[in-house]
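Undergrad: Pasting a structure below so you can have a look.
The values are calculated or read from the model by the stated rules, or taken from the named source; none is laboratory data. Predicted, not measured: the structure shown is a model, and the values here were computed from it. Cβ sites come from the backbone with ideal geometry, for glycine too, and all protein chains shown count toward neighbours. Note: accessible area is taken over every heavy atom of the protein model, side chains too, but ligands, DNA and RNA are not part of it. Shrake-Rupley method; radii C 1.70, N 1.55, O 1.52, S 1.80 Å.
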Amino acid sequence: MDHSTLLMPFLSRLQRDGSLSPAAPPVLRRLSDMRGHYAHVPPEMGDPEIYRVYALEVPERASELPCSTTVLQPGTVGEEFFMTKGHFHRQRDRSEVYLGLAGRGLLVLATEEGDHRVQPIEPETVNYVPGGWGHRAVNVGEEPLVFFATYVGDAGHDYQTVERFGFPVRILRGPQGPRIVHTPPRER
Ligand code: M6P
Ligand code: ZN
């Protein structure tokens, strides 16, 4: 054990608004931070907050388990439900776990080969995200979607792959609830 990198035990509490306290200042993602992610952005949309991430102050190294909560607002951009950017792990084989805390959402998982899965995220769900699977959360409910995440510390975030190739499906508001729409590679 390398005692020079040993952390002190600490406690953080989940707040009613989904934040963790103490935690680092939240990372905020507005619509303007998500250029290229939504299929069609109506010009009159303004620049709403889409989500924020509260992360514990843990170094991103292999021996640690970074933890965060994400608070994803309800709403749509055109027909498309509010969602996170989504990412692969830079170190592709690193895994992650999501625990649903509040609201009603879907987790879209995809491999670079084009395989995909869609799973619920809601209170009492535990989503296991194996290495190699890109992941994006989508709020399909009327309340903020709140979930807890923890992942292998040296995973890293690769956003570029999602920006270039998109996900194989989009989640749109339909008359009978969320519609999962397959996206041809050219239109992602
Ligand atoms: C979860 C974790 C974080 C991630 C966040 C927002 O809290 O997976 O690592 O940063 O969701 O997702 P994204 O980084 O794709 O915007
Ligand atoms: Zn991740």
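Undergrad: Hey, Gly153 hits all of (1) out of contact with any His (no Cβ under 9 Å at 6 or more places or on another chain); (2) more than 14 Å from ligand 2 (Cβ to nearest atom) but one; which does it fall short on?
TA: (2)
Undergrad: Taking the range 124-145 on its own, how many of its residues are more than 10 Å from ligand 1 (Cβ to nearest atom) and either surrounded by fewer than 22 Cβ atoms within 10 Å (Cβ to Cβ) or closer than 12 Å to Gly100 by Cβ (or both)?
TA: 15
Undergrad: I've got another one for you. So which strands (runs of 3 or more DSSP E) are wholly in the range 94-164 and hold at least 3 residues that are more than 20 Å from Gly18 (Cα to Cα)?
TA: 105-110, 116-121
Undergrad: Could you check the range 2-89 for strands (runs of 3 or more DSSP E) lying wholly inside it with 3 or more residues that are under 23 Å from His135 (Cα atoms) and free of Cβ contacts under 8 Å to residues at least 60 places away in the same chain?
TA: Correct list: 27-30, 49-55.
Undergrad: Might you check whether a residue that is without any contact (Cβ under 8 Å) to a residue 24 or more places away in the chain and farther than 22 Å from Gln91 by Cβ occurs anywhere in the range 131-148?
TA: no
Undergrad: For the range 58-81, indicate whether the set of residues that are touching a Cys at 6+ places or on another chain (Cβ under 9 Å), within 30 Å of His3 (Cβ to Cβ) and open to solvent by less than 40 Å² (accessible area, probe 1.4 Å) is non-empty.
TA: Yes, the conditions are met somewhere in the range 58-81.
Undergrad: Specify which of the listed residues (Leu11, Leu6) is of a type outside the set (Val, Ile, Thr), modelled with pLDDT under 95 and exposed (fewer than 10 other Cβ atoms within 10 Å of the Cβ).
TA: Details: Leu11 fails: modelled with pLDDT under 95.
From the options Leu11, Leu6, the qualifying one is Leu6.
Undergrad: Here's a follow-up. Among the residues of the range 73-83, are any within 16 Å of Pro178 (Cβ to Cβ), among the aromatic types (Phe, Trp, Tyr) and away from ligand 1 (no atom under 14 Å from the Cβ)?
TA: Looking for residues that are within 16 Å of Pro178 (Cβ to Cβ), among the aromatic types (Phe, Trp, Tyr) and away from ligand 1 (no atom under 14 Å from the Cβ), one finds at least one in the range 73-83, hence yes.
Undergrad: Does Ile121 satisfy being surrounded by 16 or more Cβ atoms within 10 Å (Cβ to Cβ), over 20 Å from Gly78 (Cβ atoms) and either within 16 Å of ligand 2 (Cβ to nearest atom) or at pLDDT 95 or above (or both)?
TA: The answer is yes for Ile121.
Undergrad: Can you tell me which of (1) over 20 Å from Ala155 (Cβ atoms); (2) out of contact with any strand residue (DSSP E or B) (no Cβ under 8 Å at 6 or more places or on another chain) is the one Val71 doesn't meet?
TA: Only one criterion is unmet by Val71, namely (2).
Undergrad: Against the definition (out of contact with any Leu (no Cβ under 6 Å at 6 or more places or on another chain), more than 11 Å from ligand 1 (Cβ to nearest atom), farther than 14 Å from Met83 by Cα and modelled with pLDDT of 95 or more), how does Ala155 come out, yes or no? Don't jump to the end; show me each part of the working.
TA: On the way: out of contact with any Leu (no Cβ under 6 Å at 6 or more places or on another chain): yes; more than 11 Å from ligand 1 (Cβ to nearest atom): no; farther than 14 Å from Met83 by Cα: yes; modelled with pLDDT of 95 or more: yes.
It is false that Ala155 is out of contact with any Leu (no Cβ under 6 Å at 6 or more places or on another chain), more than 11 Å from ligand 1 (Cβ to nearest atom), farther than 14 Å from Met83 by Cα and modelled with pLDDT of 95 or more.
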